[in-house]
Amino acid sequence: MKDVVKKEVLKLLEAGMIYPILDSAWMSPVHVVPKKGGITVVRNDKNELIPTRTVTGWRMCIDYRR
């Protein structure tokens with residue numbers, strides 16, 4: 001997860017949407033959740049079909065209330 005957050009922060013920095021601040025009392029926790037993808041049917045070792053949700057990417061959520 002750390003790599004996912006790092007890539008997203010670097011992308012936002014390069015786009016000029018965010019900028020670094022060395023010391024601030026205004027910090028917010030970050031959560032990473034999987035983006036919704038499609039459902040793929042996979043066959044297990046007992047030859048049963050099991051629907052499995054595929055992860056197509058990650059979404060970074062920031063709680064600005066804190």
Rounded to the nearest 20 debye, dipole of the chain from Cβ charges on Lys, Arg, Asp, Glu: 200
With log10 I(q)/I(0) by the Debye sum over Cα atoms at q = 0.13, 0.14, 0.21, 0.27 Å⁻¹ as the read-out, I listed (1) -0.66, -0.71, -0.92, -1.02; (2) -0.41, -0.45, -0.85, -1.32; (3) -0.55, -0.60, -0.97, -1.22; which label goes with the value calculated from this structure? (3)
Residue separation times 0.36 nm, minus the C-alpha to C-alpha distance between ASP63 and MET27: what's the value? 12.0 nm
Setting aside same-chain residues fewer than 8 positions from LYS36, which lysines have a Cα under 24 Å from its Cα? LYS2, LYS6, LYS7, LYS11
For the ranges 4-11, 36-43, 20-27, what's the packing order if you count other beta-carbon atoms within 10 Å of each residue, average per peptide, and put the highest first? 4-11, 36-43, 20-27
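Readers should treat all values here as calculations from the given coordinates under stated rules, not as data from a laboratory. On a predicted model such as this, the values are computed, not experimentally measured, just so you know. Cβ: placed from backbone, ideal geometry, glycine included. Neighbour counts: every protein chain shown.
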